[in-house]
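Here is the structure we will look at, set down as structure tokens.
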Amino acid sequence: MQCGTKLPTEGEGRGLVPKVQPMKRIKRRQIHGIVLSAGIAIGTVFHYRDILTREVERRQLSSSEIHTEYLRIQNAVDHVLEDLDEISRDTSKKIGRDHGAIFDVQKEILNDPMLKADIEKELREQRLNAEHIIRRVFRLWENRFSTLDNQEMKERGHDIADLGRHLLRTLTGSEGNVLRQVPENSVIVAERLLPSDTIRMEDKNVVGFVTFQGGRNSHAAILARALNIPMISPVDTSIYEIPSRAKIILDGQSGEIIVHPTSRLLRKFESLMIQRRRAKNKWINATKGVCLRSGPRGIVVNANVSTPGDIRKAKDHGCDGIGLYRVEQFYMSSKDMPPEDRVYHGLKDALWPVKEMPVTIRLLDLGGDKVLPHLDFPEQMESVLGLRGVRLLLKYENILRPQIRVLLRLANEFKIQILVPMVSVPDDVIAIRKIIEEEKRRLKSQNINDLKTVPVGAMVETPAAVVSIKEIVECSDFISIGTNDLIQYTMAADREKVSVSKYYEMGHQLIIPWLDEIRKVAESNGLDCSICGEMAGDPSYTMQLLELGFRHFSVAPQLIPRIKYDIMNALQRERRMTQSVIR
Ligand code: PEP
Ligand code: MG
């Protein structure tokens with residue numbers, strides 16, 4: 001716990017228990033956080049606290065009891081393994097195999113011989129009851145990972161904590177009870193959420209999540225997005241002042257959390273929710289089967305995806321193609337660095353629904369907050385200004401080359417383009433192209449025939465790339481603008497930090513002239529220029545971008561109908577105006 005105050009206890013361990021921590025009560029209050037999963041939620045606060053942070057029974061064992069306690073632990077482990085099987089199956093069925101895989105990773109951790117050896121050693125040396133030993137060992141293991149300055153390692157720490165809790169609940173017979181007793185319309189307020197919390201709470205009357213700790217790439221956030229549950233996180237320490245059972249509104253657009261809203265605010269957000277639901281249906285119905293690509297201005301609305309579930313959703317929502325496939329999630333859900341063939345088959349399966357469409361696959365964009373648990377580079381712990389994206393790939397060719405081979409092989413069956421992340425100088429693209437050519441020759445010599453020419457594009461997301469855009473265009477086949485990072489680096493404002501979000505927001509308008517310049521330089525050299533950061537899917541900027549002349553948009557799958565609808569209307573207005581001028 002990072003601050004002195006603890007969240008009030010509402011549901012934990014053996015079910016719902018009365019609130020025990022007196023806290024500074026707040027009246028009506030607005031708190032701000034980062035939106036990790038969009039949407040509006042109106043509900044009642046339910047504080048959720050981790051069983052691992054509670055005291056558990058501590059009992060000294062006699063020599064004859066040690067074996068009995070060992071058997072209790074073994075039974076609990078078997079039980080949890082069966083449970084994880086079931087959760088993984090259910091999750092895969094509900095939201096896709098890639099999400100179910102989170103729990104397969106937990107199974108692998110639980111089967112780790114080193115973990116088992118640690119539990120046995122502690123039991124022998126400490127001679128304490130099973131609950132105490134499990135809590136101790138899992139806290140130690142969690143700390144080992146969570147104290148590393150590396151988001152992905154921290155995520156693995158969360159998996160370990162999740163497992164520890166699962167075992168404790170099984171040992172104390174309080175399995176899952178809290179989650180089953182969450183009242184209707186609850187907004188869960190917690191220090192953090194672990195994967196199994198998010199997945200189990202889904203059909204348990206939960207309408208939103210607010211957590212103190214969290215990041216865009218945390219499992220909980222990824223699951224919340226897949227389940228369409230609004231989530232705001234991280235939030236500053238005022239989260240500890242949110243009273244239990246208070247009425248609360250989450251505005252998953254602005255990141256505002258309103259505690260004890262007035263009845264006027266409640267009515268406003270309730271009607272906003274109804275309006276949004278209606279509008280969503282209207283956008284879906286109006287854009288079904290509409291193809292703006294074949295229209296006079298040839299507008300393309302592609303999807304940004306991370307998982308096979310996203311790809312299916314994008315197809316259902318009428319995407320023209322995949323404008324940005326962030327493959328990091330695929331690598332992150334694996335316990336080790338997946339071998340070339342596994343990546344090839346995994347991506348091939350994922351891409352099947354969009355077989356006929358153009359697909360832009362970004363090379364692994366690691367570094368900063370996106371790291372792989374199985375890679376042990378000191379550089380990975382650097383900041384977003386460190387060895388990120390293409391810089392890391394060029395240093396570690398053993399990660400880059402197999403990926404390139406996979407993409408070249410996939411290009412025989414799919415319409416693939418390769419996107420290079422975090423380009424800052426033309427040499428970044430030139431170096432990648434050279435390696436692509438080398439790998440192509442290697443594949444040819446191995447009789448992998450019919451290798452197609454794969455377009456290579458630069459992701460423009462650093463001010464340096466904007467400055468050298470003319471030279472970057474000369475060595476690229478297409479350009480894709482990543483406004484999320486471009487704003488972050490331009491404003492020197494971390495996109496994940498609430499404290500500087502004001503500056504981050506101001507960056508949107510500031511980069512507009514750059515966007516205009518990048519597109520003009522690219523298109524005047526015959527290159528397509530797509531915009532794939534969040535700005536492309538933000539209706540308050542889509543029109544501005546359209547007016548600037550952008551024709552390639554890549555947005556989150558759920559935003560496709562809305563953006564298509566707005567563009568469709570803008571084009572109709574434009575046509576009507578032209579006709580009236582001609583008349
Ligand atoms: C961006 O930076 O705008 C972008 C699309 O990439 P990511 O959000 O994955 O960094
Ligand atoms: Mg980026």
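The values are calculated or read from the model by the stated rules, or taken from the named source; none is laboratory data. Please read these numbers as outputs of a predicted model, since none were measured by experiment. Positions of Cβ are backbone-derived with ideal geometry, glycine not excepted, and every protein chain shown enters the neighbour counts.
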query = Exactly one of (1) crowded, with 21+ Cβ neighbours inside 10 Å; (2) more than 16 Å from ligand 2 (Cβ to nearest atom); (3) farther than 20 Å from R388 by Cβ; (4) not β-branched (V, I, T) is unmet by S530. Its number?
reply = (2)
inquiry  = So the check is Cβ under 7 Å with 6+ separation or different chains; which pairs have a first residue in segment 456-482 that's farther than 15 Å from D365 by Cα and at pLDDT 95 or above and a second one that's within 16 Å of ligand 2 (Cβ to nearest atom) and among the charged types (D, E, K, R)?
reply    = none
Test result for N205, under 28 Å from L546 (Cβ atoms) and either under 26 Å from the mean Cα position of the chain (by Cα) or touching a residue at least 60 places away in the same chain (Cβ under 8 Å) (or both) = no
request  = Name, by its number, the condition in (1) outside any helix (DSSP H, G or I); (2) in contact with a Lys or Arg (Cβ under 7 Å, 6 or more places away or on another chain); (3) at pLDDT below 90 that does not hold for V45.
outcome  = (3)
query = For residues in segment 305-332 being among the aromatic types (F, W, Y) and either within 16 Å of ligand 2 (Cβ to nearest atom) or without any contact (Cβ under 8 Å) to a residue 60 or more places away in the chain (or both), which is surrounded by the most Cβ atoms within 10 Å (Cβ to Cβ)?
reply = Y325
task = Among the numbered conditions (1) away from ligand 1 (no atom under 16 Å from the Cβ); (2) modelled with pLDDT of 95 or more; (3) touching a helix residue (DSSP H, G or I) at 6+ places or on another chain (Cβ under 8 Å), tell me where I399 comes up short.
result = (2)
Residues satisfying the stated conditions in segment 327-339, i.e. within 19 Å of D365 (Cβ to Cβ) and either touching a strand residue (DSSP E or B) at 6+ places or on another chain (Cβ under 6 Å) or away from ligand 1 (no atom under 16 Å from the Cβ) (or both) = E328, S333, S334, M337, P338
remark   = The condition from (1) out of contact with any Phe, Trp or Tyr (no Cβ under 9 Å at 6 or more places or on another chain); (2) away from ligand 1 (no atom under 16 Å from the Cβ) that K370 misses is numbered (2)
inquiry  = If a residue must be within 16 Å of ligand 2 (Cβ to nearest atom) and of a type outside the set (V, I, T), how many such residues does segment 459-477 contain?
reply    = 5
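Counting residues that are farther than 18 Å from V301 by Cα and under 27 Å from the mean Cα position of the chain (by Cα), which helices (runs of 4 or more DSSP H) fully inside segment 457-556 reach at least 2?
Output list reads 463-467, 483-491, 501-510.
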message = Tell me yes or no: at least one residue of segment 448-458 is within 16 Å of ligand 2 (Cβ to nearest atom), assigned by TED's automatic domain parsing to the domain that holds Q488 and among the β-branched types (V, I, T).
response = no
remark   = For segment 333-376, the count of residues that are in contact with an Asp or Glu (Cβ under 9 Å, 6 or more places away or on another chain) and either of a type in the set (S, T, N, Q) or within 16 Å of ligand 2 (Cβ to nearest atom) (or both) equals 10
ask   = Could you say whether any residue in segment 421-428 is in a helix (DSSP H, G or I) and of a type outside the set (D, E)?
value = yes
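In segment 256-273, which residue that is under 27 Å from the mean Cα position of the chain (by Cα) and among the β-branched types (V, I, T) is surrounded by the most Cβ atoms within 10 Å (Cβ to Cβ)?
The extreme case among them is I257.
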query = Considering segment 361-387 alone, what residues qualify as being within 22 Å of T307 (Cβ to Cβ) and either touching a strand residue (DSSP E or B) at 6+ places or on another chain (Cβ under 7 Å) or modelled with pLDDT of 90 or more (or both)?
reply = I361, R362, L363, L364, D365
ask   = Counting just the residues of segment 471-497 that are within 13 Å of ligand 1 (Cβ to nearest atom) and small (G, A, S), which one comes out nearest to F553 (Cα to Cα)?
value = S480
remark   = Counting only residues in segment 290-304 that are small (G, A, S) and within 19 Å of V354 (Cβ to Cβ), the one surrounded by the most Cβ atoms within 10 Å (Cβ to Cβ) is identified as A303
